[in-house]
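See below for the structure under consideration.
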Amino acid sequence: MSRTAEKNPYVCASCESSNVMIMQKWRYLFLTSMLPVLVVLAVSIFIEPLFLLFIPAVLVTNYIISARKTPMVMCRDCRHIEKGASLSRR
Ligand SMILES: [Zn+2]
């Protein structure tokens, strides 16, 4: 409803602006997994059902990657992208 009033816990690591977009883990996982999963599904439906076994592997791999790279902070001011923001900050 009130998206503009949302408080943002993240700031840009480069220019310290709070005008940033956050890519959360589930969203990153969804975006990176959708295409390979669809391809595997199509292959398994039309060619070989055994390819369905690749879907858990794709999801696990992308989950590991997303755990490292998210939350991804994208700055709208200076276009700086920081991957794994909360993990790399010390
Ligand atoms: Zn910035």
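Just so it is clear, none of the values below were taken in a lab; they were calculated from the coordinates. All figures in this text were calculated on a predicted structure; none of them were measured in a lab. Glycine also receives a Cβ, built like all others from the backbone with ideal geometry; neighbour counts cover every protein chain displayed.
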Check: Which of the residues spanning region 17-65 are loosely packed, with under 11 Cβ neighbours inside 10 Å and not in a helix (DSSP H, G or I)?
Finding: Ile47, Glu48
Next item on the list: Please determine, by comparing only the residues of region 66-90 that are of a type in the set (A, V, I, L, M) and assigned to a helix (DSSP H, G or I), which one is farthest from Glu16 (Cα to Cα).
Entry: Ala67
